[in-house]
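The values are calculated or read from the model by the stated rules, or taken from the named source; none is laboratory data. Nothing here was measured: the structure is a model prediction, and the numbers come from that model. Note that we place each Cβ from the backbone using ideal geometry, even for glycine, and neighbour counts take in every protein chain shown. Heavy atoms of the whole protein, side chains included, go into the accessibility calculation; ligands, DNA and RNA do not. Shrake-Rupley method; radii C 1.70, N 1.55, O 1.52, S 1.80 Å.
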Amino acid sequence: MSLYVLGLNHRTAPVDIRERVAFPNDRQRPALEELVRSTLAAEAVLVSTCNRTELYLRGSEAVLNRAAIWLQSEPNAVGLDLDSHLYTLKDEDAARHAFRVAAGLDSMVLGEPQILGQIRHSVKVAAEAGTLGGPLDRLFQDTFQAAKHIRTDTEIGATSVSMAAAALKLAQQLFGDLREVRLLLIGVGEMISLAATHFSAHSPKVIVVANRTVSRAKMVAAKFDTPDSRATAISLSEVPDRIHEFDAVITSTASSVPIIGKGMIENALRLRKRKPMFLVDLAVPRDIEAAVSEMEDVYLYTLDSLGKVIQQNMAAREAALVAAEKIVDTHVQQYQQWVTGRSTVPIIQQLRSRADHYRSIELERAQKMLTRGENPQIVLELLAQALTNKFLHHPMTALKRVSGDERTALAAALEQLYPPPAADEADEP
């Protein structure tokens, strides 16, 4: 059986495609169980985030083909042409991909830590569903160790290299612990989803998503609704009356005019009794009037100001990438060695069983000779000779049966299996 990855991500599919094949947390287990029933995979893990949906499978090529059919038959994906967006990886390439994904090296935000938690959740779901228990399970346990290794020994996650990550760092500088922060996200695009991913990992007290189409806001909110951080949706028209409820506001819409003006924020600050507000405008054109930045108790950041933070940190992150990739290489090699070693276990067991069979036959024969009173020295010599003949019989027969390149290859294999004794071995009694 082989290891496969079948999926799509932010590099191969736009967000409108990705969201059609995404599986929210409450759908992951039933979807995974359906996947295994439909494909007959020996093991399976379903990873689904804002930026990727990937099926990790162990089985035959037929399992892979059935998985592609299953994915395209999902209700939201019906009618989509996914073939041009899907990628398939096998065995060592699949293993390497898993390591890179868990370490954040394949993320939209290089080195972002949220993906590791999301993969841990997916593996936990698979374990609870009974779809893990072999090489795929071992692979993910190894990816967690590699990700920890990379976090500990490189600077890959030490600096912010995205607008959302930079915004998170600035919010942490202002608020410290985000668990008491009430967060408003305006819009439902990729930037908002990325910001939600970063902020939700720190369990803000409340997350509210606002959008003109409330149904789309509910879809985004559902992805981040947890017992520690409740996420709900509201209409964009409700924002003016409710914006004072929020400590942090992140906005990214396609509006051609500002949707948050100075008057709206003045009113919000008055209702908040001048409690500071943290505002992030990720839109072009801007969603927040420029005059808001002049107000006291308001911390407004735009693409330009966040860009300065990113420029300062990008060089450090890129330098760390080289070291991180080397760590991935090491862990992939170790995993492949484990897989190879595991595949030789049946062969070793068969070889030992054959050797034990030979030993039992010749030992019984020698014991009978000793019982009859025959010379022990002669009995030992005959025992050694008989065992030698039995072990050599099959290799010698094989050598006589083949010729040319096949004989050369077999001779080389035998030389590797039975190397000449070392000098210190030759002198042993």
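Quick notes
- Selection status of Thr152, out of contact with any strand residue (DSSP E or B) (no Cβ under 9 Å at 6 or more places or on another chain), in a helix (DSSP H, G or I) and surrounded by 24 or more Cβ atoms within 10 Å (Cβ to Cβ): no
- Given (1) β-branched (Val, Ile, Thr); (2) touching a helix residue (DSSP H, G or I) at 6+ places or on another chain (Cβ under 6 Å); (3) farther than 24 Å from Gly189 by Cα, index of the condition Ile265 fails: (3)
- In the range 49-76, the qualifying residues are those that are open to solvent by less than 20 Å² (accessible area, probe 1.4 Å) and part of a strand (DSSP E or B), and the one that is farthest from Glu190 (Cα to Cα) is Gly59.
- Cβ-Cβ under 7 Å pairs, at least 6 apart or on other chains, the range 257-278 side under 17 Å from Leu236 (Cβ atoms), far side of a type in the set (Lys, Arg) and at pLDDT below 95: Pro258/Arg286
- Odd one out for Ile115, checked against (1) open to solvent by less than 10 Å² (accessible area, probe 1.4 Å); (2) touching a strand residue (DSSP E or B) at 6+ places or on another chain (Cβ under 8 Å): (2)
- None of Arg212, Arg230, Arg242 is out of contact with any Leu (no Cβ under 9 Å at 6 or more places or on another chain) and not hydroxyl-bearing (Ser, Thr, Tyr) except Arg230.
- Which listed residue, of Leu183, Leu136, is out of contact with any Ser or Thr (no Cβ under 6 Å at 6 or more places or on another chain) and either in a strand (DSSP E or B) or open to solvent by 30 Å² or more (accessible area, probe 1.4 Å) (or both): Leu183
- When the residues of the range 287-317 are filtered to those that are among the polar types (S, T, N, Q) and modelled with pLDDT under 75, the one that is surrounded by the most Cβ atoms within 10 Å (Cβ to Cβ) is Asn313.
- The set of residues from the range 1-21 being among the aliphatic types (A, V, I, L, M) and either surrounded by fewer than 21 Cβ atoms within 10 Å (Cβ to Cβ) or under 19 Å from Ala95 (Cα atoms) (or both) comprises Met1, Leu3, Val5, Leu6, Leu8, Val15, Ile17.
- Exactly one residue out of Ala171, Ala196 is open to solvent by less than 10 Å² (accessible area, probe 1.4 Å), closer than 16 Å to Ile115 by Cβ and in contact (Cβ under 8 Å) with a residue 40 or more places away in the chain, and it is Ala196.
- Yes/no for Ser84 being under 23 Å from Ser60 (Cα atoms), modelled with pLDDT of 90 or more and not in a helix (DSSP H, G or I): yes
- Evaluated against (1) surrounded by fewer than 16 Cβ atoms within 10 Å (Cβ to Cβ); (2) among the hydrophobic types (A, V, I, L, M, F, W, C); (3) within 17 Å of the chain's Cα centre (by Cα), Leu40 falls short on exactly one condition, (3).
- Evaluated against (1) open to solvent by 40 Å² or more (accessible area, probe 1.4 Å); (2) without any contact (Cβ under 8 Å) to a residue 40 or more places away in the chain, Glu92 falls short on exactly one condition, (2).
- Residues that are more than 19 Å from Ala384 (Cβ to Cβ) and either open to solvent by 70 Å² or more (accessible area, probe 1.4 Å) or at pLDDT 80 or above (or both), drawn from the range 344-367: Pro346, Ile347, Ile348, Gln349, Gln350, Leu351, Arg352, Ser353
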